[in-house]
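These notes are about the structure you will find just below.
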Amino acid sequence: MKYLPQEKPGSGHTGYQQQVKEANIKRIFDLVRSGKCKSRAEIVRHMNLSATSVSVLVEELANRKLIDETGPAQTTLPGRRPISLRLNKTAHHMAIFVVKPQGVRFALLSLECRILEERFFPLDCHTLNEANAGETYIQLFDDILRNQSKRFNPSRAVMIGVCFPGMFIEQDHLFHTETELGFALTEESIRRFQQRVGLSVYLFNSTRCLAYAEKKYLDALDPDAPETRYMIFVKIQNGIRCAIISQGDIYPGPYNLSGEIGHFTIDYRGKPCYCGNTGCLERYVNLSVILENARRAAQEAGIEPPESLEALAQRYHDEPVLMEVVKQSARLLAFGLYSIICSSGMRQIVLGGGIEILGDTFLQEVYHALFSRTSLIRNLDLSYAQAGPDAEILGVAEHYLDKVFTITM
Ligand SMILES: [Zn+2]
C-alpha cells in the first residue's frame, strides 16, 4: 500500500488533543457508517464520552456533510425521541481505478461503497513502450476523470484509489508491477497526477484488495460475530500471490513485500524461476500451467485438448486423464499452502483469482492433501473467495475508509 495524501490547509498541527479529537470523530463516523449506532445517545453509550462532546463531534461530521441527522429515530427508550443519524450517501464519492493488462476499470463509489458509475477502458499494455507505459496509464486516469466520467466531481471526491498488480518498492520510489504487466508506475508520475487533480491517491496491491474485500464480506455475513482477524488469501492467476490479514488488517511486512507464496520451493531440484530460486510453486501451479498440463495430457491420451479453463472445468469430471491433472495441481498447491500454514500459524485460507472455476472437487483435493499432514493441521478453514466480481474495487475503498481516511487531519 502507498498513500500519497493531499496537503490539507491547516494540517501539520498534530498535537495530542488534535489526535484524540480525530480518533473520536473517526470512531463516530465509523459507528454511523457501519450502522452500529443510529443516534447520539447510542454513540454516548458506545464510546463512554459525554453527551456534549458527542454533540460537538456529530455537528462537525454533519457540517462536513459526512453524516445526516434525520427525523426522530425508532427507539424503545423513555424520554425525548432522539434524532437518527446516518451516513450521507450523496455528498461525497471515491474514484477507483483497477489496473489490468487489458486496460483500466473505472468506478465511482459512494461512501457506503455502492457503485455509482463504472466503465472499462481498454488499453493493451503489451502494445506500449515499457519506458512510458506507466505514464500512459496515468494519462488515461486523467482523461477518465476530466472527460469520460459523467459523475466525477473533484470537489466531492475524498480520494482516488488505484488497485494494481504489484508492490511499492520504497527505495526505488516506484510501483513495480507484476510480470503480467511488465512495467512500473513511478512515484514521481503518480505525484504529478495527484497535484493535477488535487486529491489524495491511495495505491493498493490487487491481491490485498481481494483479501480485504473478502474479510469485509465475511464480517458482514454475521455482524454480531467477531471480525475476521487472521486469514491468508491466495490469488491464483498466471502466478500465485497471497495477502495476509493479521489483527484485522493487511500485514505488509517491514518492506511492504509480504505474500510471495508463489516462490516457495516445492522441489529444490525443480524448474528454474525468474526470481533466482528453483522449483517455485507458481512454476507448477497457476491457471495457465494447469490448462497447459491438461492439454498435454489430453493429447497424449488421444482426446480433444480443452480450449480453456472453463472447458477443462466442464469436462474433467467425465475424463479421468483431465481429472488426474486437476487433482495433481491441487496436491502441488497443498505443498505451498502447508508451508504458509506452518510459518504463519493461521488456519483460515481463502483461494481466489480465478481458480474457483475448478469447483468443489479441486478444493476438496487441496483440503484432503493438507489434512494428510495431520500432526500440525487443526481447525483448517479452506474456502473459495465469495466477495464477487467487484472485490478489487471494494477492497481499496473499504480499506481506505477503515484505515486511512481522516476527518480533521
Ligand atoms: Zn520464483
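Bear in mind these aren't lab numbers, they're just calculated from the coordinates by the rules spelled out. What you see is a predicted model, and the numbers here were worked out from it, not measured in a lab. Neighbour counts are summed over all protein chains in view; Cβ atoms, including those assigned to glycine, are modelled from backbone coordinates with ideal geometry.
Odds and ends about this structure:
- Global geometry of the stretch 5-67, whether rounded, prolate or oblate, following the gyration tensor of its Cα atoms and the 1.5 cut on a/c: prolate
- Net charge of neighbours whose Cβ lies under 15 Å from the Cβ of residue 365, counting Lys and Arg as +1 and Asp and Glu as -1: 0
- By the rule of a C-alpha distance below 26 Å, with chain neighbours fewer than 8 residues away ignored, the lysines paired with residue 327 are 235, 271.
- Binned Cα-Cα distances of the chain, short to long, each 20 Å bin given as a whole percent: 24, 51, 23, 2, 0
- The packing ranking of peptides 47-54, 23-30, highest mean first, is 23-30, 47-54, where packing means the average number of other beta carbon atoms within 10 angstrom of each residue.
- Here the extension length gained between residue 65 and residue 372 equals 105.0 nm, from 0.36 nm per residue of separation less the Cα-Cα distance.
- Order by protection proxy (mean Cβ within 10 Å, highest first), peptides 202-210, 112-120: 202-210, 112-120
- The residues neighbouring residue 193, those whose beta-carbon lies less than 14 Å from its own, together hold a net charge of 0 under the Lys/Arg +1, Asp/Glu -1 convention.
- Contact order relative to length of the stretch 211-391, as percent, for alpha carbon pairs under 8 angstrom and 6 or more apart: 22 percent
- Footprinting exposure proxy for 127, 136 (fewest neighbouring C-beta atoms within 10 Å first): 127, 136
- Remark: 399, 126 ranked as 126, 399, counting other beta-carbon atoms within 10 Å and listing the fewest first.
- Relative contact order, percent, the chain [alpha-carbon distance under 8 Å, six or more residues apart]: 15 percent
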